[in-house]
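Report on the following structure.
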Amino acid sequence: MALKDLVADRSKLTEAAIEGIISEYVRYDPGTYDVVLTPAGLQLSNDAKILVLLVAMAGWQYVVDEVQVVDTKPSALELMTGIPGGTLRPTLKKLKDAHLIVSTTDGYAVRVANLDAIGRIVGGEKPVARSPSRKSKRAISGNGKNGEGDEAPVDGQPAKARKKSGVPIRSSLDRLVESGFFATDRTLSDVVARLHEMAIIAKTTSLSGPIADMVRSGKLTRKKLSEGGKDVWSYRSA
């Protein structure tokens, strides 16, 4: 084998290699230029879900004749994956530290040189990142009276957060749909303001995941609007 055979080049990222990683987990919608997770994709771990979507972004070149720039910044990935921002960002950092993804001007992209490793992680292998600092190790081990720490996090999300997340927000969003609130276009800011009027304290970061699930299930549709000079997603009853 010559050394040149070890050179990773994006042009060598073949359609077959991409398909082998994502075929069960995503579907392309060329009409809206969206990548949608299948039911199997929604069951993936947070690590694998992010990697699958980023690999799928690299596959657009085999789906359409004219490839567009796709926003893969954390806010966009939060909507695509349904992973809350507070969990998404640490997971992105872990994948970056493991040399599986890189930051770009448009957000994040997979490292072509590690495509094989990405495939193994999607298949269930755990990514290996840098060792935590002493402070991080103390935080993991805990310093309670009995010397026992909190339950270990899974996919970057603390156990307490997993137990509390989602239930009141999702039921409140269902109530808004039933009451006709989404009969007109509503942004996440509109939804937050309405929930506050209902004495339900919520943040946009806690809404993006549940609302994305409602879009996938067909309860809501979404489109981009210009608000304050920025493009934002708006939601409406399907």
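Laboratory data are not the source of any read-out in this text; all were calculated from the coordinates shown. These numbers were taken from a predicted model, which means no experiment stands behind them. Methodologically, a virtual Cβ is constructed for each residue, glycine included, from the backbone with ideal geometry; neighbour enumeration extends over all protein chains shown.
When the P(r) is computed for the stretch 3-122, the part past 23 Å accounts for 24% of the Cα-Cα pairs.
Placing a label point 7 Å from the Cα of Glu15 along the Cα-to-Cβ direction, the residues of the stretch 42-64 with a backbone N closer than 16 Å are 56-64. Go ahead and collect, in residue order, the members of the stretch 170-192 whose backbone nitrogen is under 19 Å from a label point 7 Å along the Cα-Cβ direction of Lys223. Under 19 Å, as judged by backbone N against the label point of Lys223, lie 181-191 of the stretch 170-192. For the listed residue pairs Lys49/Lys230; Lys94/Lys224; Lys73/Lys230; Lys49/Lys126, the alpha carbons are over 20 angstrom apart in Lys49/Lys230; Lys94/Lys224.
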